[in-house]
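Worksheet for the structure shown next.
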Amino acid sequence: MDDNVPSKLFSRLSSAADVVRAHDNVHIYSHHDADGISAAVILAKTMIRAGKGFKLTLFNSLNNDTMDEVRNCNAKCILIADMGASYLKELDEIDADIIVLDHHKGDAEVKRLHYINPHSFGIDGMSGGCGASMAMLFSVAMNNENWDLVQMAFVGVVGDKQHIKNLSGLNVYLFEEGNKRGYITKTDGSLIPSGQLMSSLFLTTEPYIRGVSGNVNGVSALLNDAGVETSKSFSDLSDAEKRKLSSLIAAKLLSQGVTTETMEEMVSHRYILRNWNMDAEAFAYLFNSCGRSGAGGAGIGAGLGDRKSMSEAIVINEASRKEILSAVKDLDQKLEQMDSIQFFENTESGFTGILCEIAMRFIGDKNKPVIGYNVTDGKTKVSSRCTHHILSLGVDLSVAMRTAAEKVGGSGGGHRIASGAWFPPGNEKEFLKILNDIIGKQISAR
């Protein structure tokens with residue numbers, strides 16, 4: 001038992017594990033981002049070790065259409081990770097044993113459903129437990145020998161940015177248990193991206209450095225000013241070289257309006273995974289790239305240890321990072337402003353949330369949430385991001401996005417700091433106007 005994990009949560013997880021043990025086959029559903037894929041890998045590995053047959057499906061969201069897929073899957077046992085909180089009543093009506101391991105806000109009276117969410121136990125799912133955290137706790141409830149999977153859990157933790165401002169809640173327990181077993185360690189973070197410096201600085205969008213990101217000459221000049229050979233990797237740098245290069249990057253970021261808070265967040269700890277030749281952040285990039293490129297299977301395979309899948313995931317990640325870099329450079333000139341929000345339209349699907357995150361931290365007005373939307377598959381899909389500073393002004397993106405979307409015939413929700421929505425195309429201007437008004441009222445009410 002641990003103070004960071006309530007006993008009632010352990011009890012609920014044990015009951016859910018008993019439900020799964022009674023079935024020979026399970027259908028796993030999860031989200032397609034780094035957290036969701038990490039959770040899916042953990043659950044898949046858990047089923048393999050338990051001798052269970054399983055199918056695995058990744059969704060970009062749980063909505064009316066994908067809910068129909070769940071209803072019609074004919075599975076007698078269903079595991080849902082990193083989503084589900086917005087469809088509890090609908091899931092409860094399905095004639096199957098269903099376990100939902102989510103960390104987004106959402107509550108409803110359920111009769112049959114096994115719904116396990118940090119929020120239900122007084123833990124903030126925005127920072128103290130993600131989808132992969134919940135999947136990990138479920139896995140050890142199934143078998144305490146599954147602690148090696150904590151490495152995958154931390155890919156989800158870092159992918160959902162829950163390591164920023166130090167670990168909290170369930171994630172503290174997971175790190176302590178993983179660390180004492182030797183599966184995970186932490187090192188100091190850095191503004192300098194890991195990997196070969198010419199390549200990593202060219203591709204970096206976290207941080208996005210104007211004049212360096214996407215600029216070969218800019219990267220060379222930066223390294224020359226720091227007295228660092230262009231052939232070096234991060235791991236080759238001396239402490240003096242790290243200090244000099246970090247100082248130069250910090251100066252450039254400050255000159256483009258990046259806050260000291262953001263830079264402090266960027267140097268949060270890096271989590272080293274014992275069984276993988278990369279840290280949790282690098283793995284999260286791989287998973288995000290695969291999932292949002294429609295190649296989630298490669299991410300799942302990589303997480304399960306398949307070498308061919310890992311090679312494929314690395315190629316996908318390289319291409320995706322170039323695509324994101326190009327979009328960020330374009331966005332640097334096109335972020336539009338309203339009184340209380342800033343927004344952009346993304347012509348390519350899959351990376352809108354990532355672009356919102358980058359714009360919020362490195363490009364846009366630091367006092368307004370960033371909203372990005374994309375019209376695809378007959379829907380307008382919206383992502384939003386803000387910062388802890390904006391939260392302190394009274395903003396709650398989960399409430400704002402849900403309310404605005406419902407007023408134009410859609411739905412939405414998520415976390416206070418990061419949320420999503422969808423609605424019928426053609427309502428973009430009205431949605432943005434309503435959202436701008438809601439955010440403005442949230443701030444003025446403070």
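Since every read-out is calculated from the coordinates, none of them should be taken as a lab result. Quantities reported herein were computed from a predicted structural model and do not represent experimental measurements. FYI the Cβ positions are ideal-geometry reconstructions off the backbone, even for glycines, and counts take in every protein chain you see.
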**Fill in**
About its Cα centre, the chain carries a charge dipole, from +1 on Lys and Arg Cβ atoms and -1 on Asp and Glu Cβ atoms, whose size in debye to the nearest 20 is 260 debye
**Message:** I need the per residue convex hull volume for the stretch 336-445, using only the alpha carbons, in cubic angstrom as a whole number.
**Reply:** 83 Å³
**Fill in**
Taking every other residue with Cβ under 11 Å from the Cβ of S419 and scoring Lys and Arg +1, Asp and Glu -1, one gets +3
**Item:** Stokes-Einstein D (µm²/s) once Rh is taken as the Kirkwood radius of the stretch 6-70 over alpha-carbon pairs, at 37 °C in 0.692 mPa s
**Value:** 252 µm²/s
**Asked** Can you run phi through the Karplus equation (6.51, -1.76, 1.60; θ = phi - 60°) for the stretch 296-305 and list ³J(HN,Hα) in whole Hz, with x for Gly and Pro?
**Response** x, x, 5, x, 4, x, 4, x, 7, x
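Pop the C-beta distance of K429 and N166 into the FRET formula with R0 = 56 Å and round what comes out to the nearest 0.05.
Efficiency, from the Cβ-Cβ distance: 0.85.
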**Label point distance in nm, L304-V110, each placed 7 Å from Cα along Cα→Cβ** = 2.5 nm
**Prompt:** Using modelled backbone amide H atoms (1.01 Å from N, in-plane), which distant-in-sequence or interchain residues come within less than 5 Å of V26's amide H?
**Reply:** G53, F54, K55
**Prompt:** Around K186, which amide H atoms from residues at least 5 apart in sequence, or from another chain, sit under 5 Å from its own amide H, with H modelled in the peptide plane?
**Reply:** I272
**Asked** Any number yet on Rg/Rh for the stretch 199-331, C-alpha, Kirkwood?
**Response** 0.99
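Let me check I've understood the local charge: for A284, count other residues with C-beta under 14 angstrom from its C-beta, Lys and Arg +1, Asp and Glu -1. What total comes out?
Here the count lands on -4.
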**Request:** Describe numerically, in nm with one decimal, the distance between label points set 7 Å from Cα along Cα→Cβ at R446 and at S61.
**Result:** 2.5 nm
**the stretch 246-303 and the stretch 197-215: distance between their alpha carbon centers, rounded to Å** = 13 Å
**HN-Hα J in Hz across the stretch 4-20 - Karplus 6.51, -1.76, 1.60, θ = phi - 60°, x for Gly and Pro** = 7, 10, x, 4, 5, 5, 4, 4, 5, 5, 5, 5, 5, 5, 4, 4, 5
**Request:** Mind sorting R402, R307 by how few other Cβ atoms lie within 10 Å of their own Cβ, fewest first?
**Result:** R307, R402
**Request:** Sort E312, E176 so that the residue with the fewest other Cβ atoms within 10 Å of its own Cβ comes first and the one with the most comes last.
**Result:** E176, E312
**Per-residue HN-Hα couplings for the stretch 38-53 [Karplus 6.51, -1.76, 1.60; θ = phi - 60°; Hz; x = Gly/Pro]** = 4, 4, 5, 4, 4, 5, 4, 4, 5, 5, 4, 5, 7, x, 9, x
**Prompt:** Full extension from S311 to D148: what is 0.36 nm times the residue separation minus their Cα-Cα distance, to one decimal in nm?
**Reply:** 56.4 nm
**Item:** Interatomic Cα distance distribution for the stretch 294-375, bins of 10 angstrom, percent
**Value:** 18, 40, 25, 15, 3
**Pair T403, N277: separation of 7 Å Cα→Cβ label points (nm)** = 5.2 nm
**Prompt:** Calculated FRET efficiency, V19 and D68, Cβ-Cβ r, R0 41 Å, to nearest 0.05?
**Reply:** 0.95
**Asked** All other residues with a Cβ under 11 Å from the Cβ of H103 taken together, and with Lys, Arg as +1 and Asp, Glu as -1, what is their net charge?
**Response** -4
**Prompt:** What is the spread of the Cα atoms of the stretch 7-156 along each of their three principal axes, largest first, in whole Å?
**Reply:** 35, 33, 28
**Request:** Mind sorting L137, L331 by how few other Cβ atoms lie within 10 Å of their own Cβ, fewest first?
**Result:** L331, L137
**Request:** Report P(r) for the chain: all Cα-Cα distances, bin width 20 Å, range 0 to the bin holding the largest distance, values in whole percent.
**Result:** 26, 59, 16, 0
**Prompt:** Long-range amide H contacts for S411: which residues qualify at under 5 Å (H placed 1.01 Å from N, peptide plane, sequence gap of 5 or more or a different chain)?
**Reply:** W422
